[in-house]
Amino acid sequence: MITVQRVAKAAGKHLTKTALKLRKALGARPTRSCPACGGAVVGFFRYGDNGEWGCPDCGASPRERLMNWLIQQGTLTVPTTGAILHMAPNEGSLVKRFSAAADYVPADLDPARYTVPNMHRVDLMELADNDRYDLFYASHVMEHVPDDMAVLRNIHRALKPGGEAWLIVPLWDKPTEDGSFDIPPRERERRFGQWDHVRQYGLDFADRIRAAGFDLEEIDAGLIDGATRHFHALDDRLFRARKPGGETAR
């Protein structure tokens, strides 16, 4: 669906990517770094309201860079001997990291949209696995599901004791506002920021995660030291949910 908002975002992205290419061609010294691809870059391109959203070399978003940085720092550990369910696997650097697992399941409701090998069709509303996965990862997925509490309970059931769900969602500074797919797409775009979203989350997303039975740690990029955050253009907040009991595979 083409909307004014999507056109404006695309235009801003194109213009700033072009400007970065020109700066590089004119000899600008790369003073920044992307944790997703390891590249040294002169800056990051705009997307929407974020003036330093994307890596000009690999396209990684702030949340993709944050995840890679947290893994590189040892804050997060990928369970390579275990099982990983990776929803909406459109972040290439994380596909590479997670696919090293003994049992890697890349999945989406519409798997044909992806070029990742061995895609599976998974509807989180119908996820019925029990104690299978060591890690569930979903970035900007939960705002699309009709009933997020049902999905959180399904994820909890699907994880092994000690397993973790790493969840990232778009956030605003107000309480969560829920909608439904009965609302027209343009109205959902106005209310929730995108036409295919059915809610806009606030920080009270944490309460919903805990209500599903998880222990929770929140990792806010804003609390990383300023120099590091600027160097990598890190942003976003990770909700690191853990199913009580057991130990996650390493």
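Derivation of every value follows stated rules applied to the coordinates shown; laboratory data play no part. Just so it is clear, the structure is predicted and the values come from calculations on it, not from any experiment. We place every Cβ from the backbone using ideal geometry, glycine too, and count neighbours over all the protein chains shown.
How about K21: which lysines have a C-alpha closer than 24 Å to its C-alpha, ignoring those fewer than 8 places off in the same chain?
K9, K13
Just want the ordering: K13, K174, from fewest to most Cβ atoms lying within 10 Å of their own Cβ.
Arranged by neighbour count, lowest to highest, K13, K174 become K174, K13.
Considering the convex hull of the alpha carbon atoms of segment 52-99, report its projected area averaged over all viewing directions, in nm², one decimal.
Averaged projected area of segment 52-99's Cα convex hull equals 3.7 nm².
If you place +1 on the Cβ of every Lys and Arg, -1 on the Cβ of every Asp and Glu, and leave all else neutral, what size is the dipole of the chain about its Cα centre, to the nearest 20 Debye?
The calculated dipole for the chain is roughly 1120 debye.
How would F44, F231 line up from fewest to most surrounding beta-carbon atoms within 10 angstrom?
Listed from fewest to most nearby Cβ atoms, that is F231, F44.
Per the chain: cysteines with no other Cys C-beta under 4.7 angstrom?
none
Principal axis extents for the chain, Cα atoms only, whole Å, descending order, please.
That gives 56, 44, 35 Å along the principal axes, largest extent first.
Starting from the Cα of K160, draw a straight line to each of the aspartates and glutamates and keep only those under 17 Å, dropping any in the same chain fewer than 8 residues away.
Hits, sequence-local ones excluded: D103, D129, D131, D134, D215, E247.
Using +1 on the beta carbon of Lys and Arg, -1 on that of Asp and Glu, and nothing else charged, what's the dipole of segment 1-60 about the Cα centre, debye to 20?
160 debye
For segment 85-173, what size does the Cα cloud have along each of its three principal axes, sorted from largest down, in whole Å?
Rounded to whole Å, the extents work out to 31, 30, 24 Å.
Would you mind ranking I155, I183 so that the residue whose beta carbon has the fewest other beta carbons within 10 Å leads the list?
I183, I155
Against the globular-protein guess of 2.2 N^0.38 Å, express the Cα radius of gyration of segment 1-60 as a ratio, rounded to two decimals.
So segment 1-60 has a normalised radius of gyration of 1.17.
Taking amide H positions as placed in the peptide plane 1.01 Å from N, state which residues far from F214 in sequence (5 or more) or on other chains have amide H under 5 Å from it.
Counting only residues 5 or more places away or on other chains, the set is empty.
How long, wide and thick is segment 128-197, going by the Cα atoms along their three principal axes, in whole angstroms, largest first?
Taking the Cα atoms of segment 128-197, the three principal extents are 40, 24, 17 Å.
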